[in-house]
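Down below is the structure, laid out as structure tokens.
The values are calculated or read from the model by the stated rules, or taken from the named source; none is laboratory data. The structure presented is a predicted model; accordingly, all values stated were derived computationally and were not measured. Because the Cβ atoms are built from the backbone with ideal geometry, glycine has one as well, and the counts that use them run over all protein chains shown. The area values use the complete protein model at the heavy-atom level, side chains included, leaving out ligands, DNA and RNA. Shrake-Rupley method; radii C 1.70, N 1.55, O 1.52, S 1.80 Å.
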Amino acid sequence: MRAAGTDDERFGRELRRLREQAGLTQVQLATRLGYSHTYVSKLESGARVPRIAFAGGADELLGAGGSLVTLATNARARRQDECEQPVGVPLPRPPALAETVYPQPPRQFRLPAYGVICPVHGTDGCTVATAADGLAGMVGGELQSVGTDAVHVLAAMLVVAIEADLQGRGGEFLAPLEQTLRATMALLPKAPESMATVLLRLAARYADRAAWLRVDRGQRALGMAWLHRSVEWAAASRDHAAACSTLSSMSSLALLERDGATAVAYAQAAAAVKGRRRWIAVQAGLGELRGLALLGDRQQVARMSGDVQRAAERLGDSDRFEAPWLFDAEGATYLASHFAGAMRDLAEATEDPASARRAVTFAESALANLPAGMPSSRLMLTLRLADSHACGGAVDAAVDLARPVLSAARAAGSVLVDNELDRLRLRLGTQREDLRA
């Protein structure tokens, strides 16, 4: 029996008070949140440690203003501090830091940047500074207390990591990102209520970024583990944009596994996320389009293609803050790249040469609009264009495109590049020995 006044019991008392205030029974609350009546009953009695995801959902449903998330976080942290059996699934362990000098990032830059919005200042914007001694100083060293400065350091590192990934240097940041993420979660129980949600939102973004760095290392299971945490933290902090982004990442990972049905399911979940954001319809629609193409559903691919194009035409300035990759030359490349992949996959599934020709046109458009300084994207798109040619029977054109980039593609260390190269080799089979590994 736990002593009265534990964090578990404080959470239970507050949950019961808010539930009764809302006029709900335990059964009604459990049904609305997707949990069992028994689970709610045990929470209210203090017999179970609350899950962050449950606390976030209850917070929103009961209008608790973040108090349930804070109490749940304190309860989970205290249980581990008391050396009891760890609650829930542990976070992935970060790889050992390489004994190298971290690249010095810019000292100051403006937010929003690369879709990262300051959790304190929002779209009004602010100037953030990286740690004085570069990335090495950002690995937990400045996370001793929670305040605007600490939040800015976390946001700054996230921006630097995204920028490096676009430049093909994302792997350098896996250990710093994961170590800082663990430090952030350790700090969460000490955070004042006003900052608890802010930290959870940053944690969701960090986990999504760490997931793809793990996938690039060939560790897809660990990548999916981070994605599940990201969704949980996004839901708990009511960050609908992060939830959509992460569910879209799950859809993309399903595409890498050639699982069209799962890709569609995750994309539809992303589209169902709350929040009146037009970019969500575009982002989720692209994932659904790609999954439908893998399934060879011509009719639904045609429908979804039109839906995505119309949604993209309706994007506004408010969408630019959260999804800048859908705008300007980068946006043209992003959309054309996904359409090229969808048409290539549809051609493969249906043996339709017209779809292969459309894939070639889209891939050429993506390459023509690709901004400078994105070498991995250029390699991936070049190989996608080559594979689109090969899918349509133009083997010589495919080989002529692929041969000059083979060495760079093998050394890129990008799962997306590897995926395109493997598909091209598999399609050509033994027709061209010069493209074999």
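Below is a table of values for the structure above.
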| read-out | value |
| --- | --- |
| Residue identified as modelled with pLDDT under 75, of a type in the set (Val, Ile, Thr) and open to solvent by 50 Å² or more (accessible area, probe 1.4 Å) among THR123, THR130, THR148, THR100 | THR100 |
| Single residue of region 230-239 satisfying the filter (free of Cβ contacts under 8 Å to residues at least 40 places away in the same chain and either of a type in the set (Val, Ile, Thr) or within 19 Å of ARG276 (Cβ to Cβ) (or both)) that is least open to solvent (accessible area, probe 1.4 Å) | ALA234 |
| Selection from region 323-344 of residues that are under 21 Å from LEU421 (Cα atoms) and either touching a Phe, Trp or Tyr at 6+ places or on another chain (Cβ under 7 Å) or without any contact (Cβ under 8 Å) to a residue 12 or more places away in the chain (or both) | TYR334, ALA336, PHE339, ALA340, MET343 |
| Subset of region 247-293 [among the acidic types (Asp, Glu) and over 18 Å from TYR334 (Cβ atoms)] | GLU257, ASP259 |
| Flag if GLY306 is out of contact with any Leu (no Cβ under 9 Å at 6 or more places or on another chain) and either at pLDDT 95 or above or not acidic (Asp, Glu) (or both) | yes |
| All positions within region 1-12 that are modelled with pLDDT of 80 or more and either among the small types (Gly, Ala, Ser) or over 26 Å from ASP239 (Cα atoms) (or both) | GLU9, GLY12 |
| Number of positions in region 186-202 that are open to solvent by 40 Å² or more (accessible area, probe 1.4 Å) and over 18 Å from the mean Cα position of the chain (by Cα) | 5 |
| Subset of region 321-335 [farther than 18 Å from SER251 by Cα, of a type outside the set (Ser, Thr, Tyr) and surrounded by 21 or more Cβ atoms within 10 Å (Cβ to Cβ)] | GLU322 |
| Among the residues listed as VAL264, VAL273, VAL282, the single one being outside any helix (DSSP H, G or I) and open to solvent by less than 50 Å² (accessible area, probe 1.4 Å) | VAL273 |
| Whichever residue in region 285-302 is surrounded by fewer than 21 Cβ atoms within 10 Å (Cβ to Cβ) and among the aliphatic types (A, V, I, L, M) and, among such residues, is farthest from SER248 (Cα to Cα) | ALA302 |
| The listed residue being charged (D, E, K, R), surrounded by fewer than 20 Cβ atoms within 10 Å (Cβ to Cβ) and in contact with a helix residue (DSSP H, G or I) (Cβ under 8 Å, 6 or more places away or on another chain), out of ASP352, ASP345 | ASP352 |
| Residues that are closer than 22 Å to SER237 by Cβ, assigned to a helix (DSSP H, G or I) and more than 32 Å from the chain's Cα centre (by Cα), drawn from region 18-67 | LEU18, ARG19 |
| Which listed residue is open to solvent by less than 20 Å² (accessible area, probe 1.4 Å) and either out of contact with any strand residue (DSSP E or B) (no Cβ under 6 Å at 6 or more places or on another chain) or among the polar types (S, T, N, Q) (or both), from ALA409, ALA372 | ALA409 |
| Criterion violated by GLU420 - all others in (1) within 28 Å of ARG220 (Cα to Cα); (2) modelled with pLDDT under 90 satisfied | (2) |
| Only one of ALA397, ALA386, ALA412, ALA349 that is farther than 24 Å from ARG298 by Cα, free of Cβ contacts under 8 Å to residues at least 60 places away in the same chain and of a type outside the set (Lys, Arg) | ALA397 |
| Filter pass, LEU43 being at pLDDT 85 or above and open to solvent by less than 20 Å² (accessible area, probe 1.4 Å) | yes |
| Hey, ARG425 closer than 22 Å to LEU256 by Cβ and basic (Lys, Arg) or not | yes |
| Matching residues in region 46-63 - criterion: being of a type outside the set (Asp, Glu), open to solvent by 20 Å² or more (accessible area, probe 1.4 Å) and closer than 23 Å to MET185 by Cβ | ARG48, ARG51, ALA53, GLY57 |
